[in-house]
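Remarks on the structure that follows.
The values are calculated or read from the model by the stated rules, or taken from the named source; none is laboratory data. For clarity, every value in this text was computed on a predicted model and none was experimentally measured. When we count neighbours, we look across all protein chains shown, and the Cβ atoms used for this are built from the backbone with ideal geometry, even at glycine. The protein model used for the area step is the full one, side chains on, heavy atoms only, and it has no ligands, DNA or RNA in it. Shrake-Rupley method; radii C 1.70, N 1.55, O 1.52, S 1.80 Å.
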Amino acid sequence: MRWTLKPQPEIHKIQHLAQALNVDDIIATLLVQRGIETFEQAKQFFRPSLNDLHDPYLMQDMDKAVQRIETAIANGENILVFGDYDVDGTTAVSLMSSYLKTIYPNIDTYIPDRYAEGYGVSFQGIDYADDNGCSLIIALDCGIKSVDKVAYAKNKGIDFIICDHHRPGDTLPDAVAILDSKRPDCNYPYKELCGCGVGFKLIQALAANRGQGISNLIPYLDLVATAIAADIVPITGENRILASFGLKVINANPRPGIKALIQNLKKDKLSISDVVFVVAPRINAAGRIKHGKHAVALLTEFDLSQAEEFATQIEGLNADRKDLDKQITKEALQQIEQNSEQKKFTTVVYHESWHKGVIGIVASRLIETYYRPTLVFTKSGDKLAASARSVKDFDIYNALEACADHLEQFGGHMYAAGLTLKEEQFQDFKNRFEAVVSQTIHPDLLTPEITIDAEINLNDITPKFFRILKQFEPFGPGNMTPVFLTRQLKDSGHGKPIGADESHLRLFIRQEDSEGFGAIGFGLAAKKDLACNGGYFDAVYSVEENIWNGQSSLQLRLRDIRCE
């Protein structure tokens, strides 16, 4: 692991903010690192307000989108709400369709089949709209590159409104309205909304047009928070507001579908992390293993007993997903070892039988072992399809763009993408991708990095300090859980490996005359000899609350250990 201490802000900024907020310099440092330098900025950060959401009409084409929907309602047209099969897409479809149904009955939904249709707007989906007399399609979390599909729909007399957050291509589709703040001509102040977030801005504009306020839309924020968490978008600015209020809905009064998914969790309060690791994988499992429409059925069901039945089915799909993920990861690791590819800059593996629904998860798993840009391919019809995952600070989308002449299609983000190619192109593409990455990636990026916010002493960790840290939540990209470095630590002598396979490390750590803290390092049992030999060591960690037998205490979540 590379330990990288963030640049420390100018001391006068730290002192000014510490005095304005009556907090210590460490808290002020964390805030300034996050771009918060004034009392007013700190107030917005610690006290998110729905009143600080931007006017949706600042988004390019928003007026056209609202006008076209209102025209469809006035004319009695059938509207099809179309979205991708992942969490962002299915929550967006659930949000848009459930809101529209409160004002208009002629609403249908469509999620493409991951295997028969692939990602994004599909010809089959447009044919479905045509067969069912839909003259307007609202596409969510997809569509920004669907130039040919939108043209096909237009020839059938079907209009498109696109709500997307992916990067546009050189040519925009000929849609009635394209809502995407990443459009070069869009001056919307916040650029990091997820697909469901863009959908929320559209219903916010529709609601405003109908005399409704933001308070009418709070019940939809559980869906938006789930999408923000699952799509790993920055939890800054507008996303921080939406995620904060969405978590409140999830914890206080979630829709029956989400309630059914979380009601067996033995937790008083769910965090963004719980949504990422508990709620999102289950919603995703529907589209990965069976069909994304089952996720929409769950999220739009308002009868709790029916929602519980849907949730039970999805729980079974998630169990199947886990088994597939485990087996394919094992096979992919064997393939890498057999092909002696350990010294390459990329991981590219392929087997025709691998389940398309889990190859993205497998790509992430492979990065845990071989830390480098990774593609996992499988057979998809007469083509090969892959999921791409990247390492921190390397833009895999740009790397794929440099290989575009070997690809049929591709799309995605800096850290995750999808692509298809002809089977005969596979080896040429694989060689080209290795060459592009080897020429453009900095060697340091091939070693996992721990970014450290500040160096502190154990005595700095007080109940008040932790109470303020808790108010930094929700954590996520752009506002990660603060990570600290403390030097010259010693274990009490009782440190030991724990867990069923003894892969984790439990310590009780002291520094000079400090009282000491319990510490847990998941997957760090191999560091036992560094920490438990009676000598000094340095540790990188975050601070968390540990509740055991009804008793609460602070503990350190170890990220890494090192001796001088």
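Just a few scattered comments:
- Stretching residue 514 away from residue 127 to a fully extended chain increases their span by 132.4 nm, per 0.36 nm per residue minus the current alpha-carbon distance.
- Reciprocal of mean inverse Cα separation for the range 1-132 (Kirkwood radius, Å): 19.4
- Cβ-Cβ FRET estimate between residue 320 and residue 459, R0 fixed at 30 Å, reported to 0.05: 0.05
- Solvent exposure of the range 417-564, expressed per residue, is 52 Å² of accessible area, with all protein chains present and a 1.4 angstrom probe.
- Cα-based Rg and Dmax for the range 278-377, where Dmax is the largest Cα-Cα distance (Å): 16.3, 55
- Length added when fully stretched, residue 259-residue 108, from 0.36 nm per residue minus Cα-Cα: 52.0 nm
- Normalised by the number of residues in the chain, the average gap of Cα pairs under 8 Å and 6 or more apart makes the relative contact order 11 percent.
- Prolate/oblate/rounded call for the range 171-316, Cα gyration tensor, a/c under 1.5 rounded: prolate
- 3J(HN,Hα) along the range 113-122: 6, 4, 9, 7, 10, x, 6, x, 4, 10 Hz, from the Karplus curve 6.51 cos²θ - 1.76 cosθ + 1.60 with θ = phi - 60°, whole Hz, x for Gly and Pro.
- On full extension, the segment bounded by residue 12 and residue 382 gains 127.0 nm, given 0.36 nm per residue less the C-alpha separation.
- Taking the centroid of alpha carbons for each part, the range 227-277 and the range 159-189 are 27 Å apart.
- Percent accessible area from carbon and sulfur atoms, the chain, protein chains only, probe 1.4 Å: 48
- The smallest convex shape that holds all Cα atoms of the range 81-202, its convex hull, gives 97 Å³ per residue.
- FRET efficiency estimate (nearest 0.05) - Cβ-Cβ, residue 214 to residue 154, R0 41 angstrom: 0.75
- Between residue 58 and residue 101, the modelled label-to-label distance comes to 3.3 nm, taking each label 7 Å out from Cα in the direction of the beta carbon.
- A simple charge model with +1 on the Cβ of Lys and Arg, -1 on the Cβ of Asp and Glu and nothing else charged puts the dipole of the chain at about 900 debye relative to its Cα centre.
- Scattering from the range 357-479 was approximated by placing one identical point on each alpha carbon and applying the Debye formula without solvent; log10 I(q)/I(0) at 0.21 1/Å stands at -1.19.
- Inter-probe distance in nm under a simple model that places probes 7 Å from Cα toward Cβ, at residue 337 and residue 488: 4.4
- Note on the range 352-422 and the range 75-127: Cα centroid distance 25 Å, given to the nearest whole angstrom.
- Label-to-label distance for residue 446 and residue 51 is 5.4 nm, based on points extended 7 Å past Cα in the beta-carbon direction.
- Here residue 6 is the anchor, and the lysines within straight C-alpha reach of less than 17 Å, apart from those fewer than 8 places off in the same chain, are 392.
- 24 Å Cα-Cα reach of residue 422 towards lysines, excluding residues that sit fewer than 8 places from it in its own chain: 145, 149, 344, 356, 379, 383, 430
- Environment charge of residue 303, counting only residues whose C-beta is closer than 13 Å and scoring Lys/Arg +1, Asp/Glu -1: -1
- When the Cα positions of 175, 244, 391 are compared along the charge dipole of the chain, 244 comes out farthest toward the positive end, with charges on each C-beta of Lys, Arg, Asp and Glu.
- Cα gyration tensor shape of the range 54-135, rounded if a/c is under 1.5, else prolate or oblate by comparing a/b with b/c: oblate
- Summing Cβ point charges (Lys, Arg +1; Asp, Glu -1) relative to the Cα centre of the range 389-538 gives a dipole of roughly 640 debye.
- Note on residue 309 and residue 278: with the Förster distance fixed at 22 Å, the Cβ-Cβ geometry gives a FRET efficiency of about 0.70.
- Cubic angstrom per residue, convex hull over Cα atoms of the range 108-172: 81
- Isotropic mean projected area of the C-alpha convex hull, the chain (nm²): 27.2
- P(r) of the range 243-287 over all Cα-Cα pairs, binned every 10 Å from zero, in whole percent: 26, 64, 10
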